[in-house]
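Data first, discussion second: the structure below is written as structure tokens.
The values are calculated or read from the model by the stated rules, or taken from the named source; none is laboratory data. Computed from a predicted structure; not experimentally measured. Quick reminder, even Gly has a Cβ in these numbers, built from the backbone with ideal geometry, and neighbours come from all protein chains shown.
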Ligand SMILES: [Zn+2]
């Protein structure tokens, strides 16, 4: 069954050298082989320090990433925002009352949401309040042409 289409963007995934932490792992002419293992391994060599490692992927490679829609609510049970990012949130009281959306900052380590007036939502309310959904904030107004 086909489902609805999702906006995607392409990103390049690269491997930073685990030894010098500055170079990138590359398959160069001397290492342009695939090892007949299962799964196949690709030898890589750091372009700065010469460190050699084998990976199951050939770096750099292209990956498709789903774009988070800017105008749709995302259930917190499906997906959470990036750590320490400010997003528009739907707060829900224990009894089910929904608040007017507020802009909060999600913290992954605390697994809580920060509000500039209320502080940490779940912690300060003894879990009476919870955030059930969020969406991206619009871009900051740049003073552009509104006339
Ligand atoms: Zn290196």
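Structure data summary
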item	result
Filter result for the condition that a residue is in a loop (DSSP other than H, G, I, E, B), at pLDDT 95 or above and more than 16 Å from the ligand (Cβ to nearest atom), over 88, 100	100
Residue in the stretch 110-129 that is part of a loop (DSSP other than H, G, I, E, B), without any contact (Cβ under 8 Å) to a residue 40 or more places away in the chain and within 28 Å of residue 10 (Cα to Cα) present	no
Check on residue 42, touching a residue at least 40 places away in the same chain (Cβ under 8 Å) and surrounded by 13 or more Cβ atoms within 10 Å (Cβ to Cβ)	no
Criterion violated by residue 123 - all others in (1) within 25 Å of residue 7 (Cβ to Cβ); (2) touching a strand residue (DSSP E or B) at 6+ places or on another chain (Cβ under 8 Å) satisfied	(1)
Subset of the stretch 1-30 (residues that are in a strand (DSSP E or B) and away from the ligand (no atom under 16 Å from the Cβ))	8, 9, 10, 11, 12, 13
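Results for (1) surrounded by 15 or more Cβ atoms within 10 Å (Cβ to Cβ); (2) in contact (Cβ under 8 Å) with a residue 60 or more places away in the chain, shown as yes or no for each residue.
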residue: 7; (1), (2): no, yes
residue: 11; (1), (2): no, no
residue: 21; (1), (2): no, no
residue: 59; (1), (2): yes, no
residue: 74; (1), (2): yes, yes
